[in-house]
Amino acid sequence: GVQTCALPISERRTFIVADTPGHEQYTRNMVTGASTADLAVILVDARKGMVVQTRRHSYLVGLLGIRHVVVAVNKMDLVDWSREVFERIEAEYRAFAAQVGLEQVTVIPVSALHGDNVVHPSPRAPWYTGPTVMEHLETVPVDDDSTGRAFRMWVQWVNRPTLDFRGFAGRITGGVLRVGDRIRVQPSGVETSVARIVTADGDRSEEHTSEL
């Protein structure tokens, strides 16, 4: 499942944290937990580097329209805080991120065991001069206006009460939808256009961040 909680762990911000499972069989839980997120934290084991799971989750993060990604390269203590290991993982991740359209990526070397670079800078990595995880989370700009984002809607139900009508119902997680808009269905990439926006109160000309 997905564990969600509100944490007042900062004087600057209150965070709603969705702890999503990483295993392949729980991918849909990960999507559910991340569907309304402003930022994704992706953990990478410094000993293993990028694995299939890293690529899968990063692709889905891009598909969801999450603009900010933090890559926490964890267990740096088990690779002797090797700058070479960290920079190799960072370069590999940034190359992949460019392929899937992730532009705002911050990569941070951490050790959860001792809290290195989680809240306070770690003396074990003097070569790293970037922010800690908490510093970044406290200062990253968050767009509170969801209508300004690219349009995203997760289809949860195909409504077909008669042979003459087929509607797709779900939650809009960003952007604005208008009659006549061109849309792309993922993962197939098929493009179509919006014929009608139908609600319980009748047809509308546009809709945003709500239930359809």
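The values are calculated or read from the model by the stated rules, or taken from the named source; none is laboratory data. Not measured: the values here are computed from a predicted model. Cβ coordinates were reconstructed from backbone atoms using ideal geometry, including for glycine residues, and neighbour counts include every protein chain displayed. Quick note on the areas: whole protein, heavy atoms, side chains included, nothing else; ligands and nucleic acids left out. Shrake-Rupley method; radii C 1.70, N 1.55, O 1.52, S 1.80 Å.
Starting from the Cα gyration tensor of region 1-121, take the square roots of the eigenvalues, sort them a ≥ b ≥ c, and report rounded, prolate or oblate (rounded when a/c is under 1.5, otherwise prolate if a/b is larger than b/c, else oblate). Before the final figure, lay out the partial values.
On the way: a/c = 1.58, a/b = 1.15, b/c = 1.37.
Because a/c hits 1.5 or more and a/b fails to exceed b/c, region 1-121 counts as oblate.
Loop-only GluC sites (Glu not before Pro) in region 87-164, please: DSSP not H, G, I, E or B, and at most 13 other Cβ atoms within 10 Å.
On the way: sites: E87, E90, E92, E103, E135, E138; in loops: E103.
Sites meeting the loop and neighbour criteria: E103.
Please compute the contact order of the chain in relative form: average sequence separation of alpha-carbon pairs under 8 Å and at least six residues apart, divided by the residue count, as a percent.
Numbers: 333 pairs, mean separation 26.6, N = 212.
For the chain, the relative contact order is 13 percent.
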Please find, in a Gaussian network model of the chain (springs between Cα atoms separated by less than 10 Å), the residue of V31, V52, V190 whose mean-square fluctuation is greatest. V190
Determine the order of Y59, Y128 by accessible area, beginning with the largest, at a probe radius of 1.4 Å. Y59, Y128
Which of A46, A98, A72 moves the most in a Gaussian network model of the chain with Cα springs under 10 Å? A98
If I take R0 = 41 Å and measure r between the Cβ atoms of E191 and H23 in this structure, what FRET efficiency does the formula 1/(1 + (r/R0)^6) give, to the nearest 0.05? 0.80
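So, with a 1.4 angstrom probe, what is the percent of accessible area on the chain that is carbon and sulfur?
On the way: 6570 of 12970 Å².
Whole-percent figure for carbon plus sulfur exposure: 51.
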Run through the DSSP bridge list for the chain and note the antiparallel percent, rounded to the nearest 5. 65 percent
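When the dipole is taken about the Cα centre of the chain, and only Lys, Arg (+1) and Asp, Glu (-1) are charged at their Cβ, what size is it in debye, to the nearest 20? Don't skip to the end; give the middle numbers.
Values: 23 positive and 26 negative charges, 117 e Å.
That gives the chain a dipole magnitude of about 560 debye.
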